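So the structure is just underneath, and the comments pick up after that.
The values are calculated or read from the model by the stated rules, or taken from the named source; none is laboratory data. Note that the structure is predicted; figures quoted are calculated from it, not measured. Here Cβ is always computed from backbone atoms with ideal geometry, including for glycine, and neighbour counts include all displayed protein chains. Surface accessibility is based on the protein's heavy atoms, side chains included, excluding ligands, DNA and RNA. Shrake-Rupley method; radii C 1.70, N 1.55, O 1.52, S 1.80 Å.
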Amino acid sequence: MNFVAPVINYSQVLPILIVLGTALLGVIVEAFFARDRRYQIQVPLSIAGLVLAFVWILKIRGTTSITAESAVAIDGPALVLQGAIVILGIAGLLLIAERKLDSSGDAFVAQAAAIPGSEAERTATLAKLTQTEVFPLTLFAIAGMMLFPAANDLVTMFVALEVLSLPLYLMSGLARRRRLLSQEAALKYFLLGAFSSAFFLYGAAFLYGYSGSVGFRQIREAIQTNAGNDVFLLTGIALVSVGLLFKVSAVPFHSWTPDVYQGAPTPVTAFMAACTKIAAFGAFARLFYVGLSGARWDWRPMLTVIAIATMVLGALWALTQTDIKRMLAYSSVAHSGFILTGIVATNKAGLSGTLFYLVTYGFTTIGAFAIVTLVRNASGEATHISGYAGLGKRSPWIAMLLSLFLLGLAGIPLTSGFVAKFAVFSAAYESGSTALVIFGVLTSAIAAFFYIRLIVLMFFQDPEEDGPTVAAVPLMTTAAIALCATVTLVLGILPNALVHVIDAASRFVF
Amino acid sequence: MEATHALASGTSSLLVWLIALPALGATILLLAGRRSDKWGHLLATGLSGASFVVGVVELFKMLSRDGESRGVAQHLFTWINAGSFRVEAGLLLDQLSICFVLLITGVGTLIHVYSIAYMEHDHDRRRFFSYLNLFIAAMLLLVLGDSFLNLYVGWEGVGLASYLLIGFWNQKPAYATAAKKAFVVNRIGDMGLSFAIMIAFTAFGTVSFQGVADHAGPDHKQVMTWMGLALLLAAAGKSAQFPLQSWLGDAMAGPTPVSALIHAATMVTAGVYLITRSNFVFDSAPTAQLMVVIVGVVTLLFGALIGTAKDDIKKALAASTMSQIGYMVLAAGLGPAGYAFAIMHLLTHGFFKASMFLGAGSVMHGMNDEVDMRKFGRLRVAMPITYLTFGLGYLAIIGVPPFSGFFSKDKIIEAAFNAGGARGWIIGLAALLGAAITAFYMTRVMVMTFFGQKRWADDAHPHESPKLMTAPIIILSVGSIAAGALFAFGSSLQQWLEPVVARGFVEGEPALPPIIVSIMALVAVALGVALAYVKYVRVPVEAVAPANVSIWTRFARRDLLQDAFNEAVFMRPGQYLTRALSFFDRKVVDGAVNGTGALFGGLSVRVRRVQTGYVRTYALLILFGAALVLAAMLAARI
């Protein structure tokens, strides 16, 4: 048997390669540059890599092709989501790179290997040590996220899943303050992530058993010709779904979300809340719309029930949270339910609605978490909700921006969230899932309660005597917030430009 | 309104400047804030004067054209364009509106000048002038709009300006309440105008004067009746006519120049303008017309009776305003025979009542803002100019020839008798009775203020007002002397307005010879004056209002119980209604909302127990979920 070199259209996968290459450069920087110079190199390098990747995505827009021996599909949805991930990656990176907020450095631990509370930790903190490995880690995660929605077979998908997850496990454990909580979160995330990956792999094996291939096109054709054993197919769908539903934090596979979102350093939470969800839903949509679309009558009822459970329970849990990061985590769970509504629609409007939702959700979420990094007291971020009382009097601008993001998450008109919710609900209604729409709208009402409760707290209550304040609003965080706020508003008032782009792009290649 | 209007050309495009100049003044003064304190009043006065000059230019332009083509229109822009419904924002200047334009800008400018001195010591003088300019602009829009909807904008604008100016000294709760009262009562009238607009739109698909006039005639009698009644409600609100008259007395809380301009000369007459402008509606609806007459008669007597018992000089004048507008409304209700006289009385009243209000202001200015006439007396010595001008206004209002009120009021009484039959006699006699009461209470005001013993407080040092204040009063007095004769001579005003309000109308045979009516009117006036002489000159006026007075006096002092009536019939039930609604809102609506909140909160607490924090629980949950998903997928196959 002769070895034949794989045919790869490098131009089409160049955005992913640029990000990977930049990450590798970052590793080299870690190895060869002095500790105190690394930050000055890593930040511009990472951002330059992401900007370049975005420019290249713009350059190859409109591409529709399958490349790398059918392992990667570069088409409208893939490029839209890659673009969104890169831009949100820049916003996340700006938050991660912020060093003007915490008096002792950045949001990350001085020396990750030091045991919490040990002498070594104290020495490292006193020496004002800072680490910069987080930048290449972020870029590796972004590369994995970019590959995830473009993966065109189950193996590539699994590889992308692991490439994006492994750096995130690490990054979750890097918090400078409350390290035990952070390490616990990282470990939980890792263990449960590994557990769910196993489900995914097992499911992939079943699908291979059914169709004799891991490629989406082959699986699709096998379903169309009804070639294999149905039980293998259904078991495969069920198990693969579990793996992906875990990543998008759908009920009942969501339980890691609040713990990890709370424990991880807030910039990392912001980054992964936005980008992981985009990547995972992109992959989800491609697998179900391309590979498994022939079996939609089998998986639609199951996903419908999960969507309803996710929306309702996510919103219910969020109601009684007292920590803003946990509240936003549960809100992210509820949003997964709303996005699933778009997926379940299985029509073109459902796909474009899902894509639009993902983009808008990413920006509002990063914006909201960015504000959480600003509200601080002596021991760091003040994440208890009571600390937000009276924020509107102390820092009206910050409170107004947080209100904007919360209203966006609640889906109030004139914010992007409304347009997005409207898009997925109308798609679901069009496809006949009226029950889903009813649950969706009712849940939106429940969810609006806890978003607006926070706004009421900020503007209509007096601040605590020595409550947390917004002491500084440094440049990089400001840039990230400004970007997110602009997108939230502009897409709320003039959504048409993006709607047209996404509408034109909403077709999977197979 | 059947006249077709020439297209805007030449100076007619100046029309928009009539409104724009004062509007600009209001905008500059409000935006510039305290920075314009030094020159704001001068700018406002200058712009109001400029608007008057534009009005005069327009008048001469109009005089140079023939009767039928005197009206000019100017199209500004398409305001509303929704399907078949189109509203053009346009201005219309015809023989009727030019009268108002000149009255508003002329008297308005004089009052601006007066206010420079009157408000000199008020540190908010600039704000006062910005509101005055706002009022002038809105009032001009009201009389220049070429459709009911455009008129409505101005109508609401003057309502706003009136509200702001009544409550100008809103640091006093009573004044703020007065402003609120005026606003609320006016809203009821405004409802009428919006109903009228809705009726016009529903029935005819248009809201322009011309468009509705095209449908006038017996074919649409019912629609026109309803529309006429709605317009009458609007007019009653704005012009303080029965049953919406109660706000005018309290409106005297505003600075006196405001009472002169808005609550005597111009804004309160907007109702008369509305009825006259909508002549095509009322001419097709006799029932509505009869209602107009009834409202006019009731109000003219009502106001006159209230006037007999008021000791507050401004409130006495306010009651008289109400009564005089009753005359105008009565005249307008008489149809083509009366429109011109309504406008004539409106114009002469604008002069003499403004001059009297400014005179009252002058008295107050010299008497430490005292308004109680029982604390005046013998002021003719201290304030000769004020006394003379007020006296001329007095002679005009009671209708002594040859002063202006004689001509206009005489014409109305005459027209009332000419209405024919029993109706003519009833309203004619009522108008005569009103004239007698007017003579009585105005003599009372005159005597109590300027004659008799001095009853001043010890710290009062009455003195004549500065020239800036007396000059406008003198100019207005000239109007109260001459205007009536000018308008009545050769029926000049009647002919001037004929193309707009009374095309093709031929006067019938008079029921009584005009000279008889005039004599009867003069006798009534003489009786009123004589009675007042007996009561207030022969018997010295007491410095404190006597308490043991007849029930009728008490009745009149309390404004014929209008407030008590409103309170019992509208306010109390309204309060009960709001209380009931608020109870419903709290118990039922909020209860449901809070209950739902509590329900979900409780659910949330229960479901939260799943989140134990143990990774083994989470893993078990995932396993459980996976089993469920698997079971669900395979359920159909097994």
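Would you call residue B:584 within 14 Å of chain A (Cβ to nearest Cβ), surrounded by 12 or more Cβ atoms within 10 Å (Cβ to Cβ) and of a type in the set (Phe, Trp, Tyr)?
Details: within 14 Å of chain A (Cβ to nearest Cβ): no; surrounded by 12 or more Cβ atoms within 10 Å (Cβ to Cβ): yes; of a type in the set (Phe, Trp, Tyr): yes.
For residue B:584, the condition - within 14 Å of chain A (Cβ to nearest Cβ), surrounded by 12 or more Cβ atoms within 10 Å (Cβ to Cβ) and of a type in the set (Phe, Trp, Tyr) - is not met.
Considering only the stretch A:21-55, state which residues are of a type in the set (Asp, Glu) and in contact (Cβ under 8 Å) with a residue 24 or more places away in the chain. First the steps, then the outcome.
Of the stretch A:21-55, the ones of a type in the set (Asp, Glu) are A:30, A:36.
Residue satisfying the conditions is A:30 alone.
Considering B:502, B:482, B:471, which residue is hydrophobic (A, V, I, L, M, F, W, C) and modelled with pLDDT under 80? Even if it seems obvious, please write down each step before you answer.
Values: B:482 fails: modelled with pLDDT under 80; B:471 fails: modelled with pLDDT under 80.
Unique residue meeting the criteria: B:502.
If a residue must be surrounded by fewer than 19 Cβ atoms within 10 Å (Cβ to Cβ) and touching a helix residue (DSSP H, G or I) at 6+ places or on another chain (Cβ under 7 Å), how many such residues does the stretch B:493-506 contain?
If we filter the stretch B:493-506 for residues that are surrounded by fewer than 19 Cβ atoms within 10 Å (Cβ to Cβ), which is where we start, we get B:495, B:498, B:503-506.
Keeping just the survivors that are touching a helix residue (DSSP H, G or I) at 6+ places or on another chain (Cβ under 7 Å) gives B:505.
Summing the residues that are surrounded by fewer than 19 Cβ atoms within 10 Å (Cβ to Cβ) and touching a helix residue (DSSP H, G or I) at 6+ places or on another chain (Cβ under 7 Å) in the stretch B:493-506 gives 1.
Take the conditions modelled with pLDDT under 95, among the aliphatic types (A, V, I, L, M) and open to solvent by less than 10 Å² (accessible area, probe 1.4 Å) and apply them to residue A:245. Does it pass? Talk me through it step by step, then tell me what you get.
On the way: modelled with pLDDT under 95: no; among the aliphatic types (A, V, I, L, M): yes; open to solvent by less than 10 Å² (accessible area, probe 1.4 Å): yes.
It is false that residue A:245 is modelled with pLDDT under 95, among the aliphatic types (A, V, I, L, M) and open to solvent by less than 10 Å² (accessible area, probe 1.4 Å).
Yes or no, residue by residue, for (1) open to solvent by 10 Å² or more (accessible area, probe 1.4 Å); (2) modelled with pLDDT under 95; (3) within 14 Å of another protein chain (Cβ to nearest Cβ):
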| residue | (1), (2), (3) |
| --- | --- |
| A:295 | no, yes, yes |
| A:315 | no, yes, yes |
| A:323 | yes, yes, yes |
| A:326 | yes, yes, yes |
| A:360 | no, no, no |
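Among A:251, A:268, A:240, which is the only one that is within 14 Å of chain B (Cβ to nearest Cβ) and modelled with pLDDT of 95 or more?
Numbers: A:251 fails: modelled with pLDDT of 95 or more; A:268 fails: within 14 Å of chain B (Cβ to nearest Cβ).
Result of the check over A:251, A:268, A:240: A:240.
When the stretch A:464-510 is examined, which residues are found to be of a type in the set (Lys, Arg) and closer than 23 Å to residue A:385 by Cα?
Here is the first cut: in the stretch A:464-510, the ones of a type in the set (Lys, Arg) are A:507.
None; the set is empty.
Hey, among the residues in the stretch A:90-148 that are closer than 18 Å to residue A:49 by Cβ and part of a loop (DSSP other than H, G, I, E, B), which one's least open to solvent (accessible area, probe 1.4 Å)?
Within the stretch A:90-148, the subset closer than 18 Å to residue A:49 by Cβ is A:90-97, A:132-147.
Checking the rest, the ones that are also part of a loop (DSSP other than H, G, I, E, B) come to A:132-133.
Working: A:132: 6, A:133: 80 Å².
Among those residues, the one meeting the criterion is A:132.
Which is closer than 17 Å to residue A:18 by Cβ, touching a residue at least 12 places away in the same chain (Cβ under 8 Å), open to solvent by 40 Å² or more (accessible area, probe 1.4 Å) and not aromatic (Phe, Trp, Tyr), of A:159, A:155, A:163, A:86? Talk me through it step by step, then tell me what you get.
Working: A:159 fails: closer than 17 Å to residue A:18 by Cβ; A:155 fails: closer than 17 Å to residue A:18 by Cβ; A:86 fails: open to solvent by 40 Å² or more (accessible area, probe 1.4 Å).
Sole residue among the options that is closer than 17 Å to residue A:18 by Cβ, touching a residue at least 12 places away in the same chain (Cβ under 8 Å), open to solvent by 40 Å² or more (accessible area, probe 1.4 Å) and not aromatic (Phe, Trp, Tyr): A:163.
Taking residue B:325 as the residue in question, decide whether it is closer than 13 Å to residue B:242 by Cα, among the β-branched types (Val, Ile, Thr) and open to solvent by 30 Å² or more (accessible area, probe 1.4 Å).
Values: closer than 13 Å to residue B:242 by Cα: yes; among the β-branched types (Val, Ile, Thr): yes; open to solvent by 30 Å² or more (accessible area, probe 1.4 Å): no.
Criteria not met by residue B:325.
One residue is enough: does the stretch B:527-537 have a residue meeting the conditions more than 14 Å from chain A (Cβ to nearest Cβ), outside any helix (DSSP H, G or I), in contact with a helix residue (DSSP H, G or I) (Cβ under 7 Å, 6 or more places away or on another chain) and closer than 30 Å to residue B:305 by Cα? Full working, then the answer.
The first filter runs over the stretch B:527-537 and keeps only residues more than 14 Å from chain A (Cβ to nearest Cβ), leaving B:527-537.
Now narrow it down to the ones that are outside any helix (DSSP H, G or I): none.
No, the conditions are met nowhere in the stretch B:527-537.
Residues being free of Cβ contacts under 8 Å to residues at least 12 places away in the same chain and of a type in the set (Val, Ile, Thr): count how many of those fall in the stretch B:475-529.
The qualifying residues number 6.
Which one of B:258, B:297, B:292 is under 17 Å from the mean Cα position of the chain (by Cα) and at pLDDT 90 or above? Show your work before the answer.
Values: B:258 fails: at pLDDT 90 or above; B:297 fails: under 17 Å from the mean Cα position of the chain (by Cα).
Answer to the check: B:292.
Of all residues in the stretch B:568-580 being modelled with pLDDT of 80 or more and open to solvent by 100 Å² or more (accessible area, probe 1.4 Å), which is farthest from residue B:185 (Cα to Cα)?
B:579
For residue A:346, which of the numbered conditions (1) over 26 Å from residue B:634 (Cβ atoms); (2) open to solvent by 10 Å² or more (accessible area, probe 1.4 Å); (3) more than 11 Å from chain B (Cβ to nearest Cβ) fails to hold?
Condition not satisfied by residue A:346: (1).
In the stretch A:209-232, what residues are assigned to a helix (DSSP H, G or I) and under 16 Å from residue A:159 (Cα atoms)? Full working, then the answer.
Start the filter on the stretch A:209-232 by keeping residues that are assigned to a helix (DSSP H, G or I), which leaves A:209-211, A:216-225, A:230-232.
Within the stretch A:209-232, A:216 is the sole residue that qualifies.
From the residues in the stretch B:611-638 that are more than 7 Å from chain A (Cβ to nearest Cβ) and surrounded by 12 or more Cβ atoms within 10 Å (Cβ to Cβ), which one is nearest to residue A:316 (Cα to Cα)?
B:612
Give all pairs with beta carbons closer than 6 Å in which a residue from the stretch B:117-142 that is open to solvent by 20 Å² or more (accessible area, probe 1.4 Å) and charged (D, E, K, R) meets a residue that is part of a helix (DSSP H, G or I) and modelled with pLDDT under 90; count only pairs at least 6 apart in sequence or on separate chains.
Within 6 Å, the pairs are B:125/B:41; B:126/B:29; B:126/B:36; B:126/B:40.
Only one of these conditions is not met by residue B:591: (1) within 10 Å of chain A (Cβ to nearest Cβ); (2) more than 17 Å from residue A:309 (Cβ to Cβ). Which number is it?
Going through (1) within 10 Å of chain A (Cβ to nearest Cβ); (2) more than 17 Å from residue A:309 (Cβ to Cβ) one by one, residue B:591 breaks only (1).
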